[in-house]
Amino acid sequence: MEDARPLLLFDSGIGGLSVLRAVRALMPQAPIVYVADNGGFPYGTKSEAEIAARVPALLGRLAERYRPRLICIACNTASTIALAGVRAALDLPVVGTVPAIKPAALLSKTRAIGVLGTDATVRQPYVDDLSARFAQDCLVLRHGSARLVELAEASLRGQPTPDADYRTALDGLLEQEGGDRIDTIVLACTHFPLVADRLAAVAPRPIAFVDGAEGIARRIAFLTEGQAWPADPGAGLAVFTAPLDISDALRTSLAEMGLERIMAL
């Protein structure tokens, strides 16, 4: 029998589209609900207490409304702070997003990697734990950039974004002591892969940019293996938690991800 329950992907904004892109590529049969909490955006400058209170409550309401088979928190900040609370509150699989430090450490030849995320993500003890477990022999430098989140959002809306701002975000890593050795950077915010080409273009030398989207998609596929899916997943739904002016460029970006229906809560 067909099962029309969707996958629900959640982010503070539209950064989670980088994860959705990987999910779509691996699981084209899956109905999708994508939720952008623009009413709470940005998460990266909020306190841990604010995020820990907001995210489980909001996802509880969304689970009741859309009855998903699985929720993916496609947001590093929300995952590192609120994932345990969401899993405790909901009786369904919840997949989080963690900085891709392990694959970055495997890739780095200079044994120096950067972690570029939001302020809230890069200060989490979870990043210390990942570094200790998977990058013991690497220099791991971190930098939080709220501006880069804004640049990614603006870019998807079709607004011009200056090269100098991308370079400033990179310099926050590369100008630290030892930063001249970095050959691999973890994009530890789901917004950042959406502008990885802009970061690469302004980098002073060849640098590999690594994110966890494909690994997340594989985890979702594993957890839903053997489940029934509809013959036609239908048009995906993009949900915003507050009213939003949808530019033509953003509407096109959403449609390219299969999100042809748009609504605000």
Between beta-carbons, use under 11 Å as the cut-off and find the net charge around residue 42, counting Lys and Arg +1, Asp and Glu -1.
-3
Going 7 Å from the Cα of residue 26 in the Cα-to-Cβ direction, what parts of segment 65-84 have a backbone nitrogen less than 18 Å from that spot?
69-76, 79
To the nearest 10 degrees, how steeply does helix 146-156 sit against the main Cα axis of the chain, on a 0 to 90 scale?
50
Any chance you could look up the accessible area of residue 232 with a 1.4 Å probe, heavy atoms only, rounded to 10 Å²?
110
For n ≥ 4 DSSP H runs only, could you compute -39500 (n - 2.57) per run for the chain, divide by its residues and tell me the 222 nm figure to the nearest 500?
-13000 deg cm²/dmol
Just to be sure I understand the curve: with the Debye formula and one point per C-alpha of the chain, what is log10 I(q)/I(0) at q = 0.07, 0.11, 0.13 Å⁻¹?
-0.23, -0.58, -0.81
Roughly what angle does helix 125-134 make with the longest principal axis of the chain, taking Cα atoms, 0 to 90 degrees, to the nearest 10?
70
Tell me the angle of helix 48-66 to the major Cα principal axis of the chain, expressed in degrees between 0 and 90 and rounded to the nearest ten.
30
Put a dot 7 Å past each Cα toward the Cβ at residue 227 and residue 177; how far apart are the dots in nm?
4.9
In nm, the gap between the two label points placed 7 Å beyond Cα toward Cβ at residue 48 and residue 3 is 3.6
Computed label-point distance, nm, for sites residue 91 and residue 265 using a 7 Å Cα→Cβ extension
2.2
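The values are calculated or read from the model by the stated rules, or taken from the named source; none is laboratory data. Given the structure is predicted, the values throughout are model-derived calculations rather than measurements. Cβ sites come from the backbone with ideal geometry, for glycine too, and all protein chains shown count toward neighbours. Just so you know, the surface numbers come from the protein's heavy atoms only, side chains and all, with ligands and any DNA or RNA stripped out. Shrake-Rupley method; radii C 1.70, N 1.55, O 1.52, S 1.80 Å.
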